[in-house]
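The values are calculated or read from the model by the stated rules, or taken from the named source; none is laboratory data. Since the structure is predicted, the reported quantities are computational estimates derived from the model, not experimental observations. For neighbour counting, all protein chains shown are included, and Cβ atoms are generated from backbone atoms with ideal geometry for every residue, glycine included.
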Amino acid sequence: MGVRSAVEPPRSGQSAIAQWRRRHFPQLLISPSLLIILGVLIIPIIYSLVVSFAWLNPADRSLDFVGLDNYQAMLTDQSYRKSMALTVLFTVITVILEMTLGIAIAMVLNRPFKGRGFLRGLMILPWALPGVVNAILWKWIFNANYGPLNAALFQLGVIDQYKVWLGEPVSAFGAIVIASLWKETPYVILLTIAALATIPKDLYESAEIDGAGPWKAFWRITLPMIRPVVLVLLITKTIWTVQTYDLIYIMTAGGPQNATQFITLLVQRTAFKYQNFGTAAAMSYSVSMLCFFLTYLYIKVFMRGDDWSGKVKQSKGLRPKPVRR
Amino acid sequence: MKKHQLIAGAVGLALALSLSACGGGDKPSTSTGDKITVLLPAHEMDNIGFNEQATRDFTAETGIEVELIYMGWDNVADRVIADLTAGGGSYDVIEFDNAWVAKFYENDWLEPLDSYISEEMRSGLLQGLLETFSSDGKLYGIPWNNDTRFFMYNAAILQASGFSKPPETWEQLEEMSLKLKADGLPYGYMDAYPALQSGANEVTAMVYSFGGELFDADGQPVMGTDPKTKAAFEFMVKSLNDTKIADPASLTADYETVENVFISGDTAFFIQAWPGVFQSANDPTLSLIVDQIAVADVALHANGAEQVVLTLPEAMAIPKTSKNKAAAWQYIEYMSGRDLDKERALAIGSLPLWQDLYTDTDLTTKYPYWANFSGQIAHARALPSLTYYDEYANILMEEAHMMFAKTKTVEKGLADLQERCEALAGKYTN
Amino acid sequence: MTSPTRTRQIGRLVWYILSVLLAAWIASGLAWQALGPWYLFAALVVAWVVLGWHQTSRKLRKRLRRVVLYGLASLILVWTIAPFAWLVIASVSTKADLIAKPLRWLPAKPTLQNYRDMLFGTAGRTTDAASQFMGAFTNSLIITITVVIIALMVGLLASYAYSRFRFRGHSGLLNLTLFTQMIPAVVLIIPLYIVFRQVGLLDTKAGLIITYLSFVLPYLVWILKGYIDGIPTDLEEAAMIDGCGRLGAFVRVVLPVAATGLAATVIFAFILAWNEFFFAMNFTQTLASKTLPVVLTEFSSKFGPNFVLAATAGVLASLPPVLVALIFQKYIITGLSAGALKG
């Protein structure tokens, strides 16, 4: 694999091999990681593209090329169009709620109060919890006959009859959003708290002298200062949310009325249950297109000629931090 | 250096965890002979681990190690089909559902069992079951679970509202349920219509009981034009939304919830009850309705239609790719053998797979209510057999849920369903 | 336009009226033991608080602000803890407790039997999934630890090279690494599945390890590069003058300084791999490779999930990632933010 030679430091002997090794030292260092990335990511992605133009025979594993048939089948498939629309809707709603809720809670947790450290630490819990556990948990909470949510609301007198939360498209969709929020918002909170800590205090002090209230200070100072983090969060959260799978697989199995059959579940079913690998591959490509499009959109919107935009692109390293400690 | 210690500590912790994990596993000690992997759903009546115990006894007797994987039915379905599609090889004995016969035959996934089965077994097992799992004159599965459903009801609740007899038709059921509701019962009945294949089972049974058809004899979809199918869906929609005689939680309920609600005394009718419900209902540790359940002589049906109950038998089969077919067959033969079948019936009340056990005196004295089954069992019907059954079940439930929520009329929903089925059929014949 | 004093007067008047209304409402609620339409009540309370805010003195406002702050903090606390608490309660309950109506919020007789089943085997009792728990636990540990170790070794070399050298294709390859993080798993699953089944990697731990590297490694390279960027080069140069080779200097000087970052990334990678479900669900079939999240979904009878056992297994499966995260939370938070701020 070439790993071994890279690990050894170059010797002082000047053999041709040693020289070559010294000249290509960085390439040697990155070669194992490149091999993995190439093998597990790049080649499969290309292979998948090939499959999306073919009909894969499950029995003898042969490929029949069918041109754009899979893409055409995908676009005329009612289930696909519905699933894609629902995925986009779910992603937009969830990400917006996660971000606003996350930043709001981070603002609260940024104030000094007793037990703040404990509460901040607690945010780790939902984030570290396996997604499967989260889904099993919320499925039971929303259970129509025995769920604690129904019991609590009923005992408080808010509802007069148990509700079938996962039985109607809108409430089932909402239930998935809530379950997703519970698990994923803490990540936003943790990152935002960390970003808030880097904002110099004197900025607020001078703003107060200028007579700006807390609301104004938030819009004028806090938000612009944490904008790089917000952008990164938006991008990663969007990519993750588009891929939501554990939750719907366990909580609703895509129902009711396939209102929660988001795209990952549909691709998985199309490939492994209906054995239509070609169309599934085509569908999966449309998912990445969606991810790229949204990422592009965010960067476009967020980096409109702002002075800090360089920070996001900063990948050359060793540049002094723009923020004082 | 503190940080070094931290990392060392983390690694140490991980190691300790992994070591303690290794110590905890309980592996069967006999690992001399073959090893087979078995994937099945758990038996719906097996609350005591009977089949697991039998599997361990099998290992003790034969030295064949068995990795037994039990999951919910829908999970099993996902796994079996994914594995076979991939070329198989993971399992030696698999679940073979009655709805899969056409698809599995088409794909040539299973080992024919004609050369394995003994004459005694072939003539002793219920002939109808063997036929269900045969295709083109070859036998592909040995039944392990005779899952047939019966109409049961809570006689005490009916009595309290002045009814001495269970309903026979849906009209009567509706009338009685309304009276029971007026007398304080939350719902007349609950059914299971989740977005899973179990939901498709229930919907199919309803259609049959109205004399409706979803597919014709050639497997062509006809649900869009059959007036009786339409009547069945209209009844379901009405029961969930208008008369509210059905618990709306039916939309997400699994069978277990339906049973729990029934044995808590919150419903009076159990439309498609498996035999085990009778026992759970009379188990004082589980049930609030001890001695109240009864089996109807006649299954529910629409006026003028014939009574129908659903039969969902399950078989064990050996994939062609199994590397251990002999051991796999030994396991099947053991689990579906006559002696174990009788033991199982005595232990958990499962319906026997062997013909002569229905007249076995040990069993008939223990389960006198089986006599009531005979009226219904003659009218058992199975699911439609389609090569695209999985995809069909998915869209059936999607359309059914839209009809149930009244976002689509029944007429439109069924027409759409038919159209989508035709498109599917076209895709699979190409 | 009214003058500010006028506005304040009207505000005060409305507030007094609201106060009386609210008092009457609460009194009648206590008398009839029913609150009536709760959302109206809530709206009234909110209006009362908002208007009251402007009626109060500066000192009182400060105190009120604290009350509001603690109120919000308790809300956050309850929201975060309640669902998980319910999981723990369910794991020490029996099925009868969970399906009782009205719901028993605490089990009648808490039992640890479920944990005993899970940890010490269940010969002859309950479902077989419980007896698979420890097997899956071991699989999860082996897979997770191997992934973390490989990713860490390979990732360190690469991130060091990206950070300290400029070479042809430097930024191109680096961007490629970043770009792969944007590929949804669903694109990879079909080709990996097809290839794995051809080379016999389906249902093996090795197959899952390779798959997990696909998302752990790019992440690690990216984060670690950020850390190494932050370490001044003069330290290494001094060490190299002292006779260390380049890699020697790296191991002796850079690694210790980057230890915090390493710890954070290791824990993060651990959690990512431990919790992964999508690939595991589709690539594993038997105990040869099944991981914990997969077994967690299997706690069910034929007809319905067994929530009690699933809850027990869920609590146990959560322990490693949650404990690791809680113990090392300081590192995780710095790690997370470093990743995001630099990424």
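Please enumerate the residues belonging to the range A:147-182 that are of a type in the set (Ser, Thr, Tyr) and touching a residue at least 24 places away in the same chain (Cβ under 8 Å).
A:180
Out of everything in the range A:183-212 that is charged (D, E, K, R) and touching a residue at least 24 places away in the same chain (Cβ under 8 Å), what residue ends up being farthest from residue A:89 (Cα to Cα)?
Per the criteria, the residue is A:183.
Where the second residue is of a type in the set (Val, Ile, Thr) and assigned to a loop (DSSP other than H, G, I, E, B) and the first is farther than 12 Å from residue B:85 by Cα and at the interface with chain B (Cβ under 9 Å from one of its Cβ atoms) and lies in the range A:260-274, which pairs have Cβ atoms under 8 Å and are six or more apart or on separate chains?
A:260/A:252
Of these, B:61, B:106, B:131, B:95, which one is modelled with pLDDT of 90 or more and either under 30 Å from residue B:173 (Cα atoms) or more than 14 Å from chain C (Cβ to nearest Cβ) (or both)?
Details: B:106 fails: modelled with pLDDT of 90 or more; B:131 fails: modelled with pLDDT of 90 or more; B:95 fails: either under 30 Å from residue B:173 (Cα atoms) or more than 14 Å from chain C (Cβ to nearest Cβ) (or both).
Matching residue, one of B:61, B:106, B:131, B:95: B:61.
What are the residues in the range B:238-266 that are polar (S, T, N, Q) and either more than 13 Å from chain C (Cβ to nearest Cβ) or free of Cβ contacts under 8 Å to residues at least 60 places away in the same chain (or both), if any? Spell out the reasoning first.
Filtering the range B:238-266 for residues polar (S, T, N, Q) gives B:239, B:241, B:243, B:250, B:252, B:257, B:260, B:264.
Listed by number, the residues that qualify are B:239, B:241, B:243, B:250, B:252, B:260, B:264.
If you go through the range C:215-225 one residue at a time, do you hit one that is within 19 Å of residue C:153 (Cα to Cα), assigned by TED's automatic domain parsing to the domain that holds residue C:285 and more than 23 Å from the chain's Cα centre (by Cα)? Give the steps one after another, and end with the answer.
Applying the first criterion (within 19 Å of residue C:153 (Cα to Cα)) to the range C:215-225 yields C:215-225.
Checking which are assigned by TED's automatic domain parsing to the domain that holds residue C:285 leaves us with C:215-225.
When the remaining residues are screened for being more than 23 Å from the chain's Cα centre (by Cα), the result is C:225.
Checked the range C:215-225: at least one residue is within 19 Å of residue C:153 (Cα to Cα), assigned by TED's automatic domain parsing to the domain that holds residue C:285 and more than 23 Å from the chain's Cα centre (by Cα).
Are any residues in the range B:406-424 free of Cβ contacts under 8 Å to residues at least 40 places away in the same chain and of a type in the set (A, V, I, L, M, F, W, C), and if so, which ones?
B:423, B:424
With respect to residue C:206, is the statement that it is in the same structural domain as residue C:317 (by TED's automatic domain parsing), crowded, with 24+ Cβ neighbours inside 10 Å and either free of Cβ contacts under 8 Å to residues at least 24 places away in the same chain or not in a helix (DSSP H, G or I) (or both) true? First the steps, then the outcome.
On the way: in the same structural domain as residue C:317 (by TED's automatic domain parsing): yes; crowded, with 24+ Cβ neighbours inside 10 Å: no; either free of Cβ contacts under 8 Å to residues at least 24 places away in the same chain or not in a helix (DSSP H, G or I) (or both): yes.
Judged against the criteria, residue C:206 is not a match.
For a quick check of your reading: which helices (runs of 4 or more DSSP H) sit entirely within the range C:26-111 and have at least 1 residues that are of a type outside the set (Ser, Thr, Tyr) and away from every other protein chain (no Cβ under 13 Å)? Steps first, answer last, please.
Numbers: elements: C:38-53, C:58-91, C:95-98.
The qualifying helices (runs of 4 or more DSSP H) are C:38-53, C:58-91.
Take the conditions assigned to a helix (DSSP H, G or I), over 15 Å from residue C:147 (Cβ atoms) and within 9 Å of chain A (Cβ to nearest Cβ) and apply them to residue C:228. Does it pass?
Spelling it out, residue C:228 is indeed assigned to a helix (DSSP H, G or I), over 15 Å from residue C:147 (Cβ atoms) and within 9 Å of chain A (Cβ to nearest Cβ).
Evaluate the following for residue A:155: is it of a type outside the set (Ser, Thr, Tyr), surrounded by fewer than 19 Cβ atoms within 10 Å (Cβ to Cβ) and at the interface with another protein chain (Cβ under 7 Å from one of its Cβ atoms)? So that I can check it myself, show each step before the final result.
Working: of a type outside the set (Ser, Thr, Tyr): yes; surrounded by fewer than 19 Cβ atoms within 10 Å (Cβ to Cβ): yes; at the interface with another protein chain (Cβ under 7 Å from one of its Cβ atoms): yes.
Considered against the rule, which asks whether it is of a type outside the set (Ser, Thr, Tyr), surrounded by fewer than 19 Cβ atoms within 10 Å (Cβ to Cβ) and at the interface with another protein chain (Cβ under 7 Å from one of its Cβ atoms), residue A:155 comes out as yes.
Could you list, ordered by first residue, the pairs with Cβ atoms under 7 Å in which the first is in the range B:326-345 and in contact (Cβ under 8 Å) with a residue 60 or more places away in the chain and the second is aliphatic (A, V, I, L, M) and in a helix (DSSP H, G or I), at least 6 apart or interchain?
Listed by first residue and then by second, the contacts come to B:334/B:340; B:335/B:54; B:340/B:54.
Counting only residues that are within 20 Å of the chain's Cα centre (by Cα) and within 30 Å of residue A:219 (Cβ to Cβ), give me the helices (runs of 4 or more DSSP H) lying completely in the range A:95-169 with at least 2 of them.
Details: elements: A:116-122, A:124-128, A:131-141, A:148-156.
The qualifying helices (runs of 4 or more DSSP H) are A:124-128.
On the basis of being under 28 Å from residue C:102 (Cβ atoms) and aromatic (Phe, Trp, Tyr), does residue A:127 make the cut? Break it down stepwise before answering.
Numbers: under 28 Å from residue C:102 (Cβ atoms): no; aromatic (Phe, Trp, Tyr): yes.
No.
List every residue pair whose Cβ atoms sit under 8 Å apart, with the two residues 6 or more apart in sequence or on different chains, where the first one lies in the range B:356-368 and is of a type in the set (D, E, K, R) and the second, anywhere, is surrounded by 10 or more Cβ atoms within 10 Å (Cβ to Cβ).
If the second residue must be surrounded by 10 or more Cβ atoms within 10 Å (Cβ to Cβ), the pairs left are B:356/B:124; B:360/B:342; B:360/B:352; B:362/B:342; B:362/B:346; B:366/B:346.
Does the range B:374-405 hold any residues that are buried (at least 21 other Cβ atoms within 10 Å of the Cβ), touching a residue at least 40 places away in the same chain (Cβ under 8 Å) and farther than 28 Å from residue B:135 by Cα, and which are they?
Within the range B:374-405, B:398, B:400, B:401, B:403, B:404 meet the criteria.
Restricting to the range B:348-368, name every residue that is more than 13 Å from residue B:275 (Cα to Cα) and of a type in the set (A, V, I, L, M).
Once the filter is applied, which keeps residues that are more than 13 Å from residue B:275 (Cα to Cα) and of a type in the set (A, V, I, L, M), the range B:348-368 yields B:353, B:357, B:363.
I'd like to check something: does the range A:113-126 contain any residue that is at pLDDT below 90 and more than 30 Å from residue C:274 (Cβ to Cβ)?
Within the range A:113-126, one or more residues are at pLDDT below 90 and more than 30 Å from residue C:274 (Cβ to Cβ).
Kindly check whether there is at least one residue in the range C:122-139 that is among the polar types (S, T, N, Q), under 27 Å from the mean Cα position of the chain (by Cα), farther than 28 Å from residue A:144 by Cα and at pLDDT 85 or above.
Yes, there is a match, as at least one residue in the range C:122-139 is among the polar types (S, T, N, Q), under 27 Å from the mean Cα position of the chain (by Cα), farther than 28 Å from residue A:144 by Cα and at pLDDT 85 or above.
Return the residue satisfying two criteria in turn: it lies in the range A:243-259 and is polar (S, T, N, Q) and more than 19 Å from the chain's Cα centre (by Cα), and of such residues it is farthest from the other protein chains (Cβ to nearest Cβ). Outline the logic, then answer.
So in the range A:243-259, the residues polar (S, T, N, Q) come out as A:243-244, A:252, A:257-258.
This time we only want the ones that are more than 19 Å from the chain's Cα centre (by Cα), so: A:252, A:257-258.
Values: A:252: 7, A:257: 4, A:258: 4 Å.
Among those that are polar (S, T, N, Q) and more than 19 Å from the chain's Cα centre (by Cα), it is A:252.
Kindly indicate the residue of the range C:241-280 that is surrounded by fewer than 18 Cβ atoms within 10 Å (Cβ to Cβ) and more than 10 Å from every other protein chain (Cβ to nearest Cβ) and also nearest to the chain's Cα centre (by Cα) among those meeting that condition.
Per the stated criteria, the residue is C:252.
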